[in-house]
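What follows is a short report on a single structure.
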Amino acid sequence: MTLANGGSGYHHAYLLSTQVCVLCWARRRPRARWLVVDHRTPMPAERADQPEDRRAQILVVARRPTTRAGVGQLEIRLHDVVIASADLQLCGVDARGIVRHVQVDPAHRQRGFGTLLLDAAIARGPGYHWSTTSLNQSEDAQDFWAYQDPAEPLHLGEPHYCTHMREASGEWV
């Protein structure tokens, strides 16, 4: 940030501080300004007794699956309200990950929250073989997936389930 004359700002709609890359902003880069995201999982008792600055953050929260290689969930919370979620299935044995569904509240679309979920999902299984279930053919979904450039290769619309994932889904008993 020092080389790019980084600075800070304020996002009035979200009531949160932002970081700005001045060089990127001058070059009209699409992601020159961003919100700071807290990747820590909140404590169960974390609510009104926390300082205001702690509650006013964007949180990425992971919900573990009930069974090994089952479907888990990632959520993005803004001011304690879920604004986006992604269902995913991971198998550590076979190093496979499947993004099953990404949902962003319509009022918060096209602001990078879906991309944040996808990046957070892939970060949970670095080096895994990643795929998605069949893709929604809506215009919003097509725009979202066309914009993605994940760090790991991602096979769109072709889920590559392993035997553990199939067992967790009840397909093989």
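The values are calculated or read from the model by the stated rules, or taken from the named source; none is laboratory data. None of these values were measured; they are calculated from a predicted model. Cβ: placed from backbone, ideal geometry, glycine included. Neighbour counts: every protein chain shown. Side chains included, ligands, DNA and RNA excluded: accessible areas come from the protein's heavy atoms. Shrake-Rupley method; radii C 1.70, N 1.55, O 1.52, S 1.80 Å.
Would you work out which of Leu117, Gln142, Val102 lies farthest towards the positive end of the dipole of the range 101-144, given +1 charges on the beta-carbon of Lys and Arg and -1 on that of Asp and Glu, about the Cα centre?
Leu117
Run the dipole for the range 85-170 about the Cα centre, Lys and Arg Cβ at +1, Asp and Glu Cβ at -1, nothing else charged, and hand back the magnitude in debye, nearest 20. Don't jump to the answer; show the numbers that get you there.
Numbers: 6 positive and 11 negative charges, 40 e Å.
That gives the range 85-170 a dipole magnitude of about 200 debye.
Given a 1.4 Å probe and the protein chains all in place, what does the accessible area of His155 round to, in Å² to the nearest 10?
The accessible area comes out at roughly 70 Å².
May I ask you to evaluate 6.51 cos²θ - 1.76 cosθ + 1.60, the Karplus curve with θ = phi - 60°, for each residue of the range 117-131 and list the ³J(HN,Hα) values in order in whole Hz, giving x for glycine and proline?
4, 4, 5, 5, 5, 5, 5, 6, x, x, x, 6, 8, 9, 8
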